[in-house]
Amino acid sequence: MKDDIIIRVISNLLIPFIQLYALYVLAHGDLGPGGGFQGGVIFASSIILYVLVYGIDEGRKRSHQKITDVLNSIGVMIYGGIGVVCLFFGGYYLQYGKLPLGDLKHASHLGIYGIEIGVEVTVAAVMVTIFFEMAGRKND
Amino acid sequence: MIDFILLFFLVICAIAAIRMKDLLSTVIILGAYSLIMAVVWTRMNAVDVAFTEASVGAGITTVLLIAALSRTQRGEENGQRSQVRVQGSLNAHSIISLIVVFVTGAVLVYGTLDMPDYGDPNAPSHHHVAPRYIKEPLEESGVINMVTALLANYRGYDTLGETTVIFTSGISVILLLRRKMQQ
Amino acid sequence: MIEIIIGKYNYWIYITLMMIGFYAMIAKGNLIKKIIGMNIFQTAVILFYISTGKVWGGTAPILWDKAVIYDNPIPHVLMLTAIVVSVGTTAVAIAIVIRIYKEYGTMEEDAILEIERKQAEELRKGNTGQREI
């Protein structure tokens, strides 16, 4: 499909905006609908669009297998890690109020942001991984 | 009125999706089904859930099913290899399945006779914990979207489990489908 | 009688959708049709739960100055997790179907059971010929 000039030009224009929209959905998750999970899926769909236009080998060069393998687990570690950090400051597991980032309201708000970032990283990496595993050649 | 038309289209899409022989058409009709479901949920004011279903159901599931079809075959076989059953005809297997489905449906309909009406403000599910969940997130964390505040603050363990489930499904697909890398 | 039908017909439509998905799961022979039936069943169950959260005259569960009454946000939270789990389950099921196709060369349930039966018979015949008493 990369010989077709319309598809190539339009997807080159759109892919950065799709990724920016994914980050927007993540950042405004507490002001409107959205959040970590939706942002992660939209980010993964931008990479899937790139693979559909340019082929699997080109797509693999842009998102190396080792990097997505590591990013799979970093999101869950961020989530669990925030919980353990709350344990160090005297609260329960995942009690964001005890983090030393200001008063109760600000600490809870920042804790919620940290968790949503963890969820987005894991979801985007896992969706990209599953797509690459399933889209091999027919006689693989 | 528009709700009724949307639900009618949902049932038509579901019946059409399972009766087609060409699997690619089935997958595309499933994508349309997901989209109409997202519109129905927006009409019910469930905006977060509609966003998730539109991006996941009409996006990721359709793409994954088409990728699966490219690795296997596209048409449903007509019973040429098996002598046991011819597809699409009424034989014992289909009739017993229909009876089981009707009995289950009748039992479920009998169970809904006790449920509160659609949109009833006096339903017991709106009076126990929901008033507290509507008032408190703004004072405690300054987050305006109640669903995100509930997911991350009051039901944080559920979200941790959900993230672990996604991670586990990613690992399972890697274990099932990855070959050794060529040196 | 008429009040019962008018008050509860929406639940009956959701149950119809669930039963369509259920029928696809148990009566169709193709493995991908079974996965599609599972997906229809799951989304119909989620629709059923979200319909219990609606309140007449309520708005979306996002804080707003002009709102008087809000919808119940608890079913939305639980069903968000359910949608995520359904995606994970569908992905693993598709991976298993791809492996089954690589092994047996077909995706119909009857043909796979035939091949298994023939393999078991040949194994039994081979064992009987070599057993020494």
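The values are calculated or read from the model by the stated rules, or taken from the named source; none is laboratory data. Because the structure is predicted, anything quoted here is derived from the model rather than measured. Because the Cβ atoms are built from the backbone with ideal geometry, glycine has one as well, and the counts that use them run over all protein chains shown.
Brief remarks on what is shown
- Members of region C:92-119 that are under 22 Å from A:T122 (Cα atoms) and surrounded by fewer than 20 Cβ atoms within 10 Å (Cβ to Cβ): C:V92, C:A93
- Criterion (β-branched (V, I, T), outside the structural domain of B:N145 (by TED's automatic domain parsing) and at pLDDT 95 or above) met by exactly one of B:V63, B:V40, B:V103: B:V103
- Filter result (under 13 Å from B:A14 (Cα atoms), at the interface with chain B (Cβ under 7 Å from one of its Cβ atoms) and not hydrophobic (A, V, I, L, M, F, W, C)) within region C:27-45: C:K33, C:G37, C:N39, C:T43
- Hey, B:G119 surrounded by 15 or more Cβ atoms within 10 Å (Cβ to Cβ) and either of a type in the set (K, R) or under 25 Å from the mean Cα position of the chain (by Cα) (or both) or not: yes
- If you go through region C:110-128 and keep only what is small (G, A, S) and under 19 Å from C:I32 (Cα atoms), you end up with just C:A111.
- Per-region count, region C:1-20, residues modelled with pLDDT of 90 or more and either more than 7 Å from chain B (Cβ to nearest Cβ) or out of contact with any helix residue (DSSP H, G or I) (no Cβ under 7 Å at 6 or more places or on another chain) (or both): 2
- Scan of region B:146-183 for residues that are modelled with pLDDT under 90 and touching a strand residue (DSSP E or B) at 6+ places or on another chain (Cβ under 9 Å), ordered by number: B:M146
- For region B:90-126, residues that are among the hydrophobic types (A, V, I, L, M, F, W, C) and not in a helix (DSSP H, G or I) total 3.
- Conditions (1) surrounded by fewer than 20 Cβ atoms within 10 Å (Cβ to Cβ); (2) more than 7 Å from every other protein chain (Cβ to nearest Cβ); number of the one not met by C:T81: (2)
- In region B:127-145, the residues that are part of a helix (DSSP H, G or I) reach residues that are charged (D, E, K, R) with C-beta atoms within less than 9 angstrom, at least six apart or across chains, in these pairs: B:E139/A:K105; B:E140/A:K105; B:S141/A:D30; B:S141/A:K105.
- Number of positions in region B:27-79 that are facing chain A (nearest Cβ under 7 Å) and in contact (Cβ under 8 Å) with a residue 40 or more places away in the chain: 1
- Residues of region B:130-166 satisfying the condition of being over 28 Å from the mean Cα position of the chain (by Cα) and of a type in the set (A, V, I, L, M, F, W, C): B:L138, B:V143
- Failed item, numbered, when C:T89 is tested on (1) without any contact (Cβ under 8 Å) to a residue 40 or more places away in the chain; (2) surrounded by fewer than 19 Cβ atoms within 10 Å (Cβ to Cβ): (1)
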